[in-house]
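In what follows, a single structure is set out as structure tokens and then discussed.
The values are calculated or read from the model by the stated rules, or taken from the named source; none is laboratory data. Everything quoted here is computed from the prediction, not taken from an experiment. Positions of Cβ are backbone-derived with ideal geometry, glycine not excepted, and every protein chain shown enters the neighbour counts. For accessibility, only protein heavy atoms count, side chains too; no ligands or nucleic acids. Shrake-Rupley method; radii C 1.70, N 1.55, O 1.52, S 1.80 Å.
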Amino acid sequence: MHAEVHEMSTITSRNIDFGAGELHCLETGDPAGRLVILLHGMKFQAETWRGLGTLDFLAGQGLHVVAVDMPGFGKSAACEMEPVAVLHRVFAQLGHESAVLIGPSMGGRTALEFAIHSPQQIAGLVLVGAVGVEENRDNLAKITAPTLVLWGTEDQVSPLTNSDILLEEISNSTRELYPGAPHPCYLDQPDRWHASLQFFFTTLTD
């Protein structure tokens with residue numbers, strides 16, 4: 001019976017002290033569930049994921065979801081700390097050994113660089129039109145977690161060839177292309193985006 005109930009989840013705001021300031025986050029879902037950290041692109045913020053329904057959707061899958069405003073975006077003040085270092089502090093404060101990282105565009109660069117640096121902390125990786133692929137090409141093979149690569153075929157910001165590189169260099173990766181979709185393909189085709197995520201999470205093992 002419980003599985004059929006699709007009530008809206010409670011989304012709460014919280015601040016995480018990462019040493020050089022406070023990071024604003026939106027949190028929802030089951031605290032005992034698998035941790036999912038949502039990053040964002042250059043023009044977006046944690047609130048984007050609320051508006052799109054992704055926070056509610058993932059919470060409905062029994063996951064513990066945290067969408068962060070990286071420093072200088074949304075409600076988080078800017079700081080000098082590198083994004084990957086900030087993310088390390090976030091992991092430490094949330095008290096989880098590993099998480100699934102979801103990163104579009106600029107957030108994709110942060111996610112893949114974190115995964116290269118600390119592969120053991122990544123339970124899964126979703127890269128959407130990620131930038132910084134070419135610069136990190138030589139180290140992509142260090143990423144060991146199941147990785148979903150999503151791209152809009154009309155992406156004018158991060159070329160489709162970047163998805164080829166990810167697929168080639170990351171051993172445990174799969175790709176899905178969104179026909180006709182621009183760079184933020186998840187905003188263009190939200191239903192498909194949520195279906196892609198749902199399938200990906202069913203393939204992850206503990």
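Points worth noting:
- Straightening the chain between LYS75 and MET42 buys 10.5 nm, computed as 0.36 nm per residue apart minus the Cα-Cα spacing.
- Under DSSP loop assignment and at most 12 Cβ neighbours within 10 Å, longest GluC sites (Glu not before Pro)-free interval of the chain: 98-206
- Over region 38-111, accessible surface divided per residue gives 39 Å², non-protein components excluded, 1.4 Å probe.
- In order along region 85-101, the phi-based Karplus estimate (6.51 cos²θ - 1.76 cosθ + 1.60, θ = phi - 60°) of 3J(HN,Hα) comes to 5, 4, 5, 4, 5, 4, 4, 4, 5, 7, x, 9, 6, 8, 8, 8, 9 Hz; Gly and Pro are listed as x.
- Computed from backbone phi, the HN-Hα couplings of region 136-153 come to 9, 3, 5, 10, 4, 5, 6, 7, 10, 6, x, 10, 9, 10, 10, 8, x, 5 Hz, rounded to whole numbers (Karplus: 6.51 cos²θ - 1.76 cosθ + 1.60, θ = phi - 60°; Gly and Pro given as x).
- Kirkwood-Stokes translational diffusion coefficient of the chain, alpha-carbon pairs, 25 °C, 0.890 mPa s, µm²/s: 146 µm²/s
- To put it simply, the accessible area of region 1-147 at a 1.4 Å probe is 50 percent carbon and sulfur.
- Taking a ≥ b ≥ c as the square roots of the eigenvalues of the alpha-carbon gyration tensor, region 66-188 is classed oblate because a/c is 1.5 or more while a/b is no larger than b/c.
- Gap separating the Cα centres of region 139-202 and region 35-75, nearest whole Å: 17 Å
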